[in-house]
1. Considering only residues that are at pLDDT 95 or above and farther than 23 Å from D76 by Cα, which ones fall in the range 1-21?
2. Among (1) surrounded by 11 or more Cβ atoms within 10 Å (Cβ to Cβ); (2) among the hydrophobic types (A, V, I, L, M, F, W, C); (3) under 14 Å from the mean Cα position of the chain (by Cα); (4) in a helix (DSSP H, G or I), there is one condition L51 misses while meeting the rest; what is its number?
3. On the basis of being exposed (fewer than 10 other Cβ atoms within 10 Å of the Cβ) and part of a loop (DSSP other than H, G, I, E, B), does D15 make the cut?
4. Quickly run through the range 18-48 and pick out the residues that are among the charged types (D, E, K, R) and in a loop (DSSP other than H, G, I, E, B).
5. Determine if the range 41-59 includes at least one residue that is within 19 Å of P8 (Cα to Cα), free of Cβ contacts under 8 Å to residues at least 12 places away in the same chain and of a type outside the set (D, E, K, R).
Amino acid sequence: MATADTYPHIGLATDGKAVIKGSRYTVEHIAAEQYFYGWSAEEILRQHPDLRPAEVYAALAYFHDHHASILSAIEDGKSLAERHRGLEPVSRDELLRRRARAQGRNG
């Protein structure tokens, strides 16, 4: 059984998700980068220079120790994103119109 000391850089957010303490990263985020992109810990560190090696390795250890539940959450998030993709497409022209209206009010 794992104890809190097993993951000294990992805490739980109010929503119950595992996070890297003192950062904006969830373990799920780091795990998804390894799962979808095949990134090693070294590549994750190159992509996120604000993280320390101990934090990334702790997140990956937590991921592999809780593989099924985290993988399920990753897949659920992917499915949700796919369902919402394209529901309300906004064209470039529409974005420019919105920006022009907003600048008209602010400028």
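1. H9, K21
2. (4)
3. yes
4. Looking only at the range 18-48, we keep the residues that are among the charged types (D, E, K, R), and these are 21, 24, 28, 33, 42-43, 46.
Listed by number, the residues that qualify are K21, R24.
5. Yes; the residues of the range 41-59 include at least one that is within 19 Å of P8 (Cα to Cα), free of Cβ contacts under 8 Å to residues at least 12 places away in the same chain and of a type outside the set (D, E, K, R).
The values are calculated or read from the model by the stated rules, or taken from the named source; none is laboratory data. Worth saying up front: this structure is predicted, and the values here are computed from it rather than measured. Cβ atoms come from the backbone with ideal geometry, glycine included; neighbour counts cover every protein chain shown.
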